[in-house]
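S.K.: Pasting in a structure now, in structure tokens, and then I'll have a few things to ask.
The values are calculated or read from the model by the stated rules, or taken from the named source; none is laboratory data. Keep in mind that what you see is a predicted model, and the values were worked out from it rather than measured. Reconstructed Cβ throughout: ideal geometry from the backbone, glycine too, with neighbour counts over all protein chains shown. To get the accessible areas, we keep the full protein, side chains included, count just its heavy atoms, and leave off ligands, DNA and RNA. Shrake-Rupley method; radii C 1.70, N 1.55, O 1.52, S 1.80 Å.
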Amino acid sequence: MSQFFSNVEPNIIDDEMVQKAIEEKCPEDLGDLARVENTNFKVVTELQLSFKSILQIDNLWPLENLTKLQLDNNVIEKIEGLESLVHLVWLDLSFNNIEVIEGLDTLVKLQDLSLYSNRISKLEHMDALQELQIFSVGKNNLSILEDVVYLRRLKNLRTLNLSGNPFCNKEHYTLFVVAHLPSLVYLDFKLVRDSTRQAAVLKYQDLTMPLEQEEAQALAQKEIEQAKQKELEYHQTAFVEHLNGSFLFDSLYAEDTEVAKLASLPEVEDLLQAYKKEFVSVCENLYNYGLEEYEKREAEVSKFYKRLHEILTVNQQESKRIISDFENRNQRRLDEIYNARSGDIAESKRAEGKEDILQLWDALMTLEALVSNDLEELLQDFKRSIDVIASTFIENIQGMLSQCRDLENQHHEKLMEMTFAILEKLDNRELEEDFPDDVRRLLVDKDTTVNAINMSHSIRLRKIDKRESDMLCNTYQWQTSVTEKAFQTESDRNRACIGKIICFISALQKELDYTGILKPME
């Protein structure tokens, strides 16, 4: 579209342009209001900025709830400045000077995208657009027909316009596109017929079958990774991540190059493997115990909220009964006031109504006080149960991790004994084995060896302590958050309930005060 703007000064989207576009979109009365007061950009869902000679997209970040954006027929050269428009569903960038598809990564809700009549030469950077259903990229510079295969990753794409690109003149263009994009319903404004689809499959099955196999393998791998991630998240929630195996043990020796050298010494490798077996066994026990305790925690929380719901249901039913009885009496009373033959009768009924409203207030507030007391008792029981569950869990994991420390200490003692024996044999030249140079340097003297082994031992103990500390912190955090949430939920409910009662009683009182006597016709 640059030829249409050759004599026009290019613009950058600024606040004034956006404000004017919003005013034009609004009805006249709202437009006048927008000119007087600051516009609440959060309520704006559509914006049209066509034919504005826009060169650069900018200053759209306040329009975070925008769902439809028209930027067609400008001189835009780069897709940018759209990061905050995460709710965008419809985007028109047709008739511009865009050369590269980019800047769309955050637009995950986008369903309709038009890049018609630009300067794009490659289909790329659209992986995030998994909701895209309609895509128009006709009349661009796409010349490599095989690039269309990139669009296979857009599983919801049903309508595609590629017309006007150089590769459209290639033989069997339509069959190639339909074969590689089997979910298409419309291509270049035409319905994809079954006969075309069958011919496409037959002609290009040698190309599409390997793609389908690769995609199936990739999907299977993705499902495996998602399952692993889901399992990890489950383990993290139970505070036992990476305990179902040798991960913790392996982490003790990660980057511990000094002790790794000792593995080549006689009997040290066997000692290390025996230590690992016992250590991993304790970790497995801790892992299984952690999962069992997690299910207990979840069951306790579920039982609490189930009981909470039961109490509130009974309370609501009683409230409805009390209010229903009152409304029946109140409606009859209001009718009697309205049809009263004299002011004295009306005032008498009005006084009766006020007393009834006061009694309703007492009944509802008493009922709320009773349910509040019941829930307070339930909350205190819940807190005690959670405290017991948490303290028991903490006590047991501390015991199990103490076993890990004991194993580490025992291993350390045995390793020191073996090392001293080896050093003594070396001094007496009783060992004929030819050790690697790095091991010989470690065994150059007793102090060097002892310092290295003690340092490694200290590091491993600290790692065990760190894991214990993490589990304790997670448990304390869960204990605090789950009880605080329960108490806060009840506090919010109580406050909201009292507020509703006050508003309800106030409305009844106003209705009673404003009900007048029907004047007789003269």
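S.K.: In cubic angstrom, how much convex hull volume per residue do the alpha carbon atoms of region 292-361 span? Please list the in-between numbers first.
M.R.: Numbers: hull volume 4.8 nm³, N = 70.
Spread over its residues, the Cα hull of region 292-361 gives 68 Å³ apiece.
S.K.: Please report, largest first and rounded to whole Å, the three semi-axes of the ellipsoid equivalent to region 98-251, where each semi-axis is the square root of five times an eigenvalue of the C-alpha gyration tensor. It would help to have the intermediate numbers written out before the result.
M.R.: Numbers: eigenvalues 294, 76, 36 Å².
That gives 38, 19, 13 Å for the three semi-axes.
S.K.: Can you order the peptides 451-462, 116-127 by their average number of other Cβ atoms within 10 Å per residue, highest first?
M.R.: Numbers: 451-462: 15.8, 116-127: 17.8.
For the peptides 451-462, 116-127, the packing ranking is 116-127, 451-462.
S.K.: How high is the FRET efficiency from residue 273 to residue 223, r the C-beta distance, R0 56 Å, rounded to 0.05?
M.R.: 0.95
S.K.: Could you work out the per residue convex hull volume over the alpha carbons of the chain, in cubic angstrom? Before the final figure, lay out each step's value.
M.R.: On the way: hull volume 169.3 nm³, N = 522.
Roughly 324 Å³ of hull volume per residue.
S.K.: Also, quick follow-up: Considering only protein heavy atoms and a 1.4 Å probe, what is the carbon-and-sulfur percentage of the accessible area of region 50-149? Spell out each step's value before the answer.
M.R.: Details: 1890 of 3930 Å².
Answer for region 50-149 is 48 percent, counting heavy atoms of protein chains only.
S.K.: How far apart, in nanometres, would the label points at residue 387 and residue 163 be if each is projected 7 angstrom from Cα along the Cα-to-Cβ direction?
M.R.: So the two model labels end up 7.6 nm from each other.
S.K.: Follow-up. Taking the Cα centre of region 269-337 as the origin and placing charges on Cβ (Lys, Arg +1; Asp, Glu -1), which of 309, 328, 279 is farthest toward the positive end of the dipole?
M.R.: 328
S.K.: From the protein chains alone at 1.4 Å, what is the descending order of accessible area for 87, 309, largest first? Show your work: numbers first, answer last.
M.R.: Values: 87 65, 309 120 Å².
Final ranking, largest accessible area leading: 309, 87.
S.K.: Determine the order of 9, 23 by accessible area, beginning with the largest, at a probe radius of 1.4 Å. Present the calculation step by step, with values, prior to reporting the outcome.
M.R.: Working: 9 140, 23 35 Å².
Final ranking, largest accessible area leading: 9, 23.
S.K.: How high is the FRET efficiency between residue 58 and residue 130 when r is their beta carbon distance and R₀ equals 22 Å, given to the nearest 0.05?
M.R.: The calculated FRET efficiency here is 0.20.
S.K.: Moving on to the next point. Based solely on its DSSP helices, what 222 nm [θ] is calculated for the chain when runs of n ≥ 4 H residues each add -39,500 (n - 2.57) and the sum is averaged over all residues, nearest 500 deg cm²/dmol?
M.R.: -22000 deg cm²/dmol
S.K.: For the full complex of protein chains and a 1.4 angstrom probe, list 487, 189, 176 by accessible area with the highest value first.
M.R.: These residues rank, largest area first, as 189, 487, 176.
S.K.: Another question about this same structure. First compute the accessible area of region 309-429 with a 1.4 Å probe, then give the percent of it belonging to carbon and sulfur atoms.
M.R.: Its accessible area is 48 percent carbon and sulfur atoms.
S.K.: Please work out the Kirkwood hydrodynamic radius for region 41-131, using every pair of different C-alpha atoms, and report it in angstroms with one decimal place. If you can, show how the numbers build up before the last one.
M.R.: Numbers: mean 1/r = 0.0769 Å⁻¹.
In region 41-131 this quantity evaluates to 13.0 Å.
S.K.: Mind listing which GluC sites (Glu not before Pro) in region 237-333 are in a DSSP loop and have 15 or fewer other Cβ atoms within 10 Å?
M.R.: Answer in residue order: 255, 267.
S.K.: Excluding ligands, DNA and RNA, what is the solvent-accessible area per residue of the chain at a probe of 1.4 Å, expressed in Å²?
M.R.: Counting only protein heavy atoms, the per-residue value for the chain is 58 Å².
S.K.: From the cross-link list 228/296; 296/463; 20/42, which pairs have alpha carbons spaced over 18 Å apart?
M.R.: The answer is 228/296; 296/463.
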